[in-house]
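Comments concern the structure below.
Please treat every number below as a calculation from the coordinates, not as lab data. Just so you know, these numbers come straight off a predicted model, no measurement behind them. All Cβ positions, glycine included, derive from the backbone under ideal geometry; neighbour counts span all protein chains shown.
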Amino acid sequence: MYQLFALLNGGVISVMVMLNGQLADFLGAYEAAAVIHAVGVVFAGTLCLLGRKRVWVKAPLWAYAGGAIGVLSTLFNNFAFGHISMTSIVALSLLGQTITSTCLDHFGWLGSVKRPLNASLAVGLACSAAGIAVMLGGSLQGTLPAILFSIGAGVTVVLSRGVNGVLAARTGALAGSFINHLVGLPICLVLAAVLGTGGAGGEIMFWSFCGGMLGVVTVSLFNITVPRLSALQVTLCSFVGQIFTGLLLDLVWGKGLSAASAWGGILVAAGVVYIQVRPARTKEQ
C-alpha cells in the first residue's frame, strides 16, 4: 500500500518539477524558490487551520531543518534546468538519491531502520543502476556545475525527507509539510533579495505558480511513506512514478517518447520489483 503512495508521489513530483522549472525561467531561480515556498506555506497553513491540526511540538532542533535542506533541492533543480536535458537531470538526481538512500539504510541514519546491504539488495541496485546508465546514454552534455547540481538535488531530497519524517512522526504529515515550507520561506526570501537577478519574463500560465501546492502534497506523502518503507524503497518507487508520468507529459505536450527514459524506467522498475519480492522468496525457502 505504501509503495503505491510512493509511486503516486513520483507522479506529483514530475508535474511539480515541470511547473517549478517554468516559474524559474519566468522569475529567476531565487525568486521562484521564494514564490514556491510562499504558496506552500499558505496552502498547507490553510489546510492545517481547517483540519485543526496541531503544528508545533517538542522535537530536536535539527528535526525542523528539513525545510532549509529542501531549499537546496529546489535551487539545485532550478540551476540545472535548461543547462542539461531533463532526462539527465532526472537520472542524475536518482543517482544522488540512490547513493544517499543506500547509506541511510545501511547505517540506520536519521532514525531509519538499519538494513545492511546484502546480495539480494545489490542485485536490485545493479538493475536500477543499469536503468540510470541507459537514461543517461549520450545525453549527458552540459556544464559540470549543472551535472553536480542535479546529483546534489538528489542527495538533499533524501536528507530533507528523512529529517521531515522524524518531525512528521510527532506532528503529522500535513503539519510537517507546513513547517517544512515555513522554515524554507525566509531563507528563500533572503536569497531572492540578495542574489536574485530576475528571469526571462514573457508569458506564463497561472498554473505554473501551483508548484508550491504540489510541494505540500509531495512532502505530506513522503511524511507518510518514509517511516514505513526503507529509504531506498521510497527513492526507487517514487522515481518509477516520476519517470513514467514524465513520459506521459511529454506525449501530451507533443514532445515525443524518449526511448532512453522508457527503457531506463523499465530497468529501474525491475530493480524495485526484485528488491520487493526477493526477500519474501528467500524467507519462504
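Under a Gaussian network description of the chain, with springs only between Cα atoms under 10 Å, the residue in 174, 144, 94 that fluctuates furthest is 144. For residue 28, nonlocal amide neighbours, meaning residues 5 or more places apart or on other chains whose placed amide H falls under 5 Å from its own, are 199, 200. Counting every other Cβ atom within 10 Å of each residue's Cβ, 105, 250 order from fewest to most as 250, 105.
Using R0 = 22 Å, the C-beta based FRET efficiency linking residue 130 and residue 248 works out to 0.45.
Taken about its Cα centre, the chain carries a charge dipole of roughly 1040 debye when the Cβ of each Lys and Arg holds +1 and the Cβ of each Asp and Glu holds -1. Taken over the alpha carbons of the chain as equal point scatterers, the Debye sum produces base-10 log I(q)/I(0) values at 0.11, 0.15 Å⁻¹ of -0.60, -1.13. Listed by Cβ neighbour count within 10 Å, with the fewest neighbours leading, 53, 114 appear as 114, 53.
Here the spin labels are modelled as points 7 Å beyond Cα on the Cα-Cβ line, and at residue 170 and residue 203 they lie 5.0 nm apart. Among the DSSP helices (H) of the chain, those spanning at least 24 angstrom by Cα along their long axis with an average Kyte-Doolittle hydropathy of 1.6 or more are 29-51, 119-136, 173-195, 231-252; this is a geometric and hydropathy rule only.
Exposure proxy shown here: for 16, 213, 205, the number of other Cβ atoms within 10 Å sets the order, fewest to most, as 205, 213, 16. By the Cα gyration tensor, the range 1-160 has an equivalent ellipsoid whose semi-axes, rounded to whole angstrom, run 27, 24, 14 from largest to smallest.
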